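A short write-up of the structure that comes next.
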Amino acid sequence: MKNKLRSLFKFYIDGGWREPSSGRLQEIINPATEEVSGTVLLGDEEDVNLAIDAAHRAFSSYSQVPLEERIALIERIATIYERRIHEMAQAITLEMGAPFYTLSIPAQAAVGLMHLQVAVASAKAYSFETQIGSTRIVKEPVGVCVLITPWNWPMNQVICKLAPALITGCTVVLKPSQNAPYSSQLLAEILDEAGVPAGVFNMIQGEGGKLGRILSSHPKVDMVSLTGSTGAGTQVSQFAAQSIKRVSLELGGKSANIILKNANLVDAVTHGVTLMMSNSGQSCTAPSRMLVPRERLLEAEEIAANSCRKIIVGCPMAAETQMGPIANYKQYQKVRELIQRGIEEGAKLVCGGFDKIQDLPQGFYIAPTVFSVTSNTCTLAQEEIFGPVLVIIPYDDETHAVEIANDSIFGLSGYVYGADASDAERIARKLRTGMVHLNGAPTNPAAPFGGYKQSGNGREWGIAGIEEFLETKSIYTAIS
């Protein structure tokens, strides 16, 4: 993987591979070595128009393809994806640094296959037509959909949008992150092999800041589904509003992890640290604020520090590595700046920070970092860091804990850890978040994924993901 340079010089448009019009090159940097791993050509407005025109032409016929045939297409894609899943894991590790054996294979690549399978199961269970009296309620594809996706969980974010879009009869233009181009290029190869009809799936590479405006405002686009920052979501919404498009947003998070007084503190803190540092903290649902009883703050700090010391940070291709580098230089610099700001604002650095990581002279590595703060108002407690940085905050009682948890512009996920499941659920119902995990429970791929407030306005995964790409039509029949 290290020595073989990859060159991505073609886009997938209208059922074939074609060279982009601009010829502008961008180097892709391996975050583990800081070396160039390949190059990608970036698109411009001409490429966007070609891709959208292809999707627009294909919609009238593809939207009428029977559901059984669309399901069969997704099943073919899943079969080929599974056959090439190790290639996909390699591509993800190379482009964004996820540990190959402990994250890319079992999670980063595997989650794409899971979303394909869940989309098929959900579509088979979903009622696309229902009857209310003499009125037929019909669910129809929304139209041409633009999918704009990030670099942190590349196939999770692409396929949880793509699979339901295709299975409902929509046509698609995908614009993946310019920092994670390899995995989407491979996915386009998979769809081509599966026989996706011309124009139904199109993929272009390019800068989000430049192409996002063009994609979101295009008059032939019916829907934009974006996963990214709150700022990107705001811009896409403004551009899409010009033509009253549907917009589905999955944005940032600053999730609180409330550890109740009756919880096993060692188990709760250890689990919270492990989950926080997974994917180098680059997950929108990361439990980045750990709320602990004030009287047990020092104990929680010690447990968290010990947990961080046990995390193996290293080369993503080493079998024992649990945490790799930050995905790109821009994000690496942002995380370091926020660590420095925390120190300047007087936060207590429990462990990590700017500590050197042994045997890693190159790469965008940051040690697992824990701060302890007295207030939820500081920068570290309010801003999404998107790196391996945990903030521990003390609370006085359950009411105070809930107040702290809800004191955020975000509302994506939440976590509650307690000795009694009913106590944990009672607290969960008070949190203003789209999801809550009780006592370490994992996500359910068939359940809705999405948030409140500035964490977004749509839902993905399972049947909720199917419904995002559907319009509702009422057909009234006169009673004779």
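The values are calculated or read from the model by the stated rules, or taken from the named source; none is laboratory data. It should be emphasised that the depicted structure is a prediction, and the values quoted were computed from it without experimental measurement. Positions of Cβ are generated from backbone atoms using ideal geometry, with glycine treated the same way; all protein chains shown enter the neighbour counts.
Listed here are the residues, each with its yes/no results for (1) modelled with pLDDT under 95; (2) in the same structural domain as GLU302 (by TED's automatic domain parsing); (3) buried (at least 17 other Cβ atoms within 10 Å of the Cβ); (4) in a loop (DSSP other than H, G, I, E, B).
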residue: ILE385; (1), (2), (3), (4): no, yes, yes, yes
residue: TYR415; (1), (2), (3), (4): no, yes, yes, no
residue: LYS430; (1), (2), (3), (4): no, yes, yes, yes
residue: ALA441; (1), (2), (3), (4): no, yes, no, yes
The range 50-75 - residue that is assigned to a helix (DSSP H, G or I) and β-branched (Val, Ile, Thr) and, of those, farthest from LEU360 (Cα to Cα): ILE71
Grab the strands (runs of 3 or more DSSP E) fully contained in the range 207-293, keeping just those with 3 or more residues being under 21 Å from the mean Cα position of the chain (by Cα) and closer than 22 Å to ILE52 by Cβ. 223-227, 246-250
In the list ILE137, ILE92, which residue meets the criterion of being touching a strand residue (DSSP E or B) at 6+ places or on another chain (Cβ under 9 Å) and either touching a residue at least 60 places away in the same chain (Cβ under 8 Å) or outside any helix (DSSP H, G or I) (or both)? ILE137
Somewhere in the range 27-37, is a residue surrounded by fewer than 16 Cβ atoms within 10 Å (Cβ to Cβ), over 20 Å from VAL146 (Cβ atoms) and of a type in the set (Val, Ile, Thr)? yes
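So, of the residues in the range 341-375 that are among the aliphatic types (A, V, I, L, M) and in a loop (DSSP other than H, G, I, E, B), which turns out to be nearest to THR33 (Cα to Cα)?
LEU360
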Please specify each residue of the range 1-49 satisfying the condition of being within 27 Å of the chain's Cα centre (by Cα), under 19 Å from VAL200 (Cα atoms) and assigned to a helix (DSSP H, G or I). ASP47, VAL48, ASN49
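Tally up the residues in the range 85-134 that are among the charged types (D, E, K, R), surrounded by fewer than 17 Cβ atoms within 10 Å (Cβ to Cβ) and under 22 Å from the mean Cα position of the chain (by Cα), please.
The total comes to 1.
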If we ask which residues in the range 43-58 are surrounded by fewer than 22 Cβ atoms within 10 Å (Cβ to Cβ) and under 30 Å from ILE326 (Cα atoms), their number turns out to be 1
